[in-house]
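Down below is the structure, laid out as structure tokens.
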Amino acid sequence: MTKLILAAAALFLTPALHAQFKVLAPANTYGLYAAKEFPSFTGGTTFSFGAASLHLKLYQGYVKNVNALQQRFKELEDEGKADTAEYAGLKRRFGWEFNGMRLHELYFAQFGAAPLGASSDLRQALAAQYGTFEAWQKAYLALTQARGIGWAALVYDRPARRFHNVWINEHDAGVPAGTEVLLVTDLFEHAFLPDFQLEKARYVQAAWAALNWPVIEKRFAGK
């Protein structure tokens, strides 16, 4: 059963199933991005090495496509073709690829199994809005069980000093403009099928137990 699931996950991650763009220059050109490493994610005990490796491979594909899109934009702009259907279509694609890259970076970086202090600013702020920290946690975890693929996220509207638990459909639909993503849970099947099969709730609980809360608190502090 596990082999079948891993095979299905590998098929899902094959480049042929995602839009690919020709890479024209190295990642130090035109302000392009380089894929990061996340030892706290790959070296943890929550996910198997195979599952973590597949997930990182998917992320690296987003980085590659973001870079390739930027290069294609420059080509079309230099050719005077910024008013073409190709340019417009790729611009619409860019947000999906970019958020796919950035949300994965936020997700991978928040692992490390470190608790949130009882007197932390983040805990107190969430309790002030939701009544208790536990009330916010219950609402967030309930959101992770919504049907469909996407992301659950805790975002912070800094000007209004208000939190929102939001559902991000795919990658680029559902992120309120101007908010900061503090915590995000990947709820695409590839995040949990290899290790947890169809038990999404068990995956969410395991991922929750492995959160590095000081990392999330630094995001709240704007650091």
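Every read-out reported here was derived from the displayed coordinates using simple, explicitly stated rules and does not represent laboratory data. Everything numeric in this text was worked out from a predicted model, so none of it was measured. FYI the Cβ positions are ideal-geometry reconstructions off the backbone, even for glycines, and counts take in every protein chain you see.
General observations
- Top positive-direction residue, dipole computed over the chain with Cβ charges, set T144, H171, S120: S120
- Taking other C-beta atoms within 10 angstrom as a stand-in for reagent exposure, R92, R147 fall in the order R147, R92, fewest first.
- The chain, helix-only ellipticity at 222 nm - DSSP H runs n ≥ 4, -39,500 (n - 2.57), divided by all residues, nearest 500: -17000 deg cm²/dmol
- Per residue, the convex hull spanned by the alpha carbons of the chain comes to 137 Å³.
- Residue order, fewest to most surrounding Cβ atoms within 10 angstrom, among D186, D83, D157, D172: D83, D157, D172, D186
- Three-way shape label, the range 66-133, alpha-carbon gyration tensor, a/c 1.5: prolate
- Once backbone amide H atoms are built at 1.01 Å from N, L182 has L154, V155, Y156 as its partners under 5 Å, excluding neighbours fewer than 5 places away on the same chain.
- With K and R counted +1 and D and E -1, the other residues having a Cβ less than 13 Å from that of I149 yield a net charge of -1.
- Cβ-placed point charges (K, R +1; D, E -1), dipole of the chain about Cα centre in debye, nearest 20: 260 debye
- Cα gyration tensor shape of the range 121-221, rounded if a/c is under 1.5, else prolate or oblate by comparing a/b with b/c: prolate
- Of the residues L198, L122, L143, the one that moves most in a GNM of the chain with alpha-carbon contacts below 10 Å is L198.
- Additional length obtainable on full extension of the chain from A160 to T84, 0.36 nm per residue less Cα span: 23.4 nm
- Here the Karplus relation 6.51 cos²θ - 1.76 cosθ + 1.60, evaluated at θ = phi - 60°, turns the backbone of the range 196-202 into coupling constants of 10, 6, 8, 8, 4, 4, 5 Hz, with x for every Gly and Pro.
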